[in-house]
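This report concerns only the one structure given below.
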Amino acid sequence: MTLTRRTALIAIGYVAGFLVLWGGAHALNSDPGRRHWLATSDGPLPLVAGLGVVAMNVAPFAVMFAAAPVYLWLSLGWRRPARLDIAGGAFVARPAHGVVVAGGAAALGFLLLSIPVRVARAADGLTPIVLMSLATCLLCCAWVAVCVAALVRDGGRIELHPGGLRSIGALSETFVPWEAVAAGPLRGMNWMATILGVNRPDLVRRRGLALRSRRAAVLATNLSAVDGRFLAGAVTYYVANPAERAAIGTPAGYRRLVAAISGPRS
């Protein structure tokens, strides 16, 4: 089992346990009889239950307000390194697990805060406000699920091989041979995925929920730990210099790549 999968399973187990404890604390806090027992009983059990009630009410606020600014900074303000690893005969951009964890934690915190309110409002009837609230909860659930999938799949890993590009997203995987990449400069971004022009769609291989456009493919630069402009420069370099592709995955080829392209240096 890889470290990424082990980390994802630990995170899933933690979230499941947190939800169980949160549900029990919410039930205890909402029942007058249980609250009376909590206030009048002696021994360690009422103390533990009381601390659980406090923690389960405070924790969602703490998670959401701590994770949200971290996610925004990692997405918009973090100066990602302009560096690729050499592994398995390829140049590899590692995934940015911190971006995924922070985004999922922010959505989970908002979800835990919202569920009791939404359920209580739903009991009064499905008004437009209630429907909008429920839709927000569903979007948060979907976002958390996507983040978990990205952790498990190594979403954000981008590989440059002598034969082409391999990009792993949260829910998809795309391989684009070099001869299928449209010529011209590529504009790389960090805060969103980079769209790669394609002129031979019959050569592109896609798996999962990938963009099915015949004219474009997606590079998951928003989930990568490498600067998107550096990656874009590397792709542009190998599209324009076919003779250099055979050196991909070698130290000498990497030195020539870094010397040839411009971009921020870490």
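Assorted remarks:
- So LEU74, is it under 15 Å from ALA225 (Cα atoms) and in contact with a Gly (Cβ under 9 Å, 6 or more places away or on another chain): yes
- Region 202-225, subset loosely packed, with under 15 Cβ neighbours inside 10 Å and not hydrophobic (A, V, I, L, M, F, W, C), residue farthest from PRO81 (Cα to Cα): ASP202
- The residue pairs whose first member lies in region 137-149 and is assigned by TED's automatic domain parsing to the domain that holds PHE110 and within 22 Å of PRO95 (Cβ to Cβ), whose second member is surrounded by fewer than 17 Cβ atoms within 10 Å (Cβ to Cβ) and not hydroxyl-bearing (Ser, Thr, Tyr), and whose beta carbons are closer than 6 Å, counting only pairs six or more residues apart or on different chains, are ALA149/LEU171.
- Residue ranges of strands (runs of 3 or more DSSP E) in region 153-266 with at least 1 members more than 20 Å from GLY89 (Cα to Cα): 172-177, 194-197, 205-208, 216-219
- One residue from ALA193, ALA142, ALA170, ALA180 being modelled with pLDDT of 85 or more and in contact with a Cys (Cβ under 8 Å, 6 or more places away or on another chain): ALA170
- Flag if LEU108 is at pLDDT below 90, buried (at least 16 other Cβ atoms within 10 Å of the Cβ), in contact with a helix residue (DSSP H, G or I) (Cβ under 8 Å, 6 or more places away or on another chain) and more than 23 Å from GLY169 (Cβ to Cβ): no
The values are calculated or read from the model by the stated rules, or taken from the named source; none is laboratory data. Predicted model, so just to flag it, every value in this text is computed and none were measured. In this analysis, Cβ positions are derived from the backbone assuming ideal geometry, glycine residues included, and neighbour counts consider all displayed protein chains.
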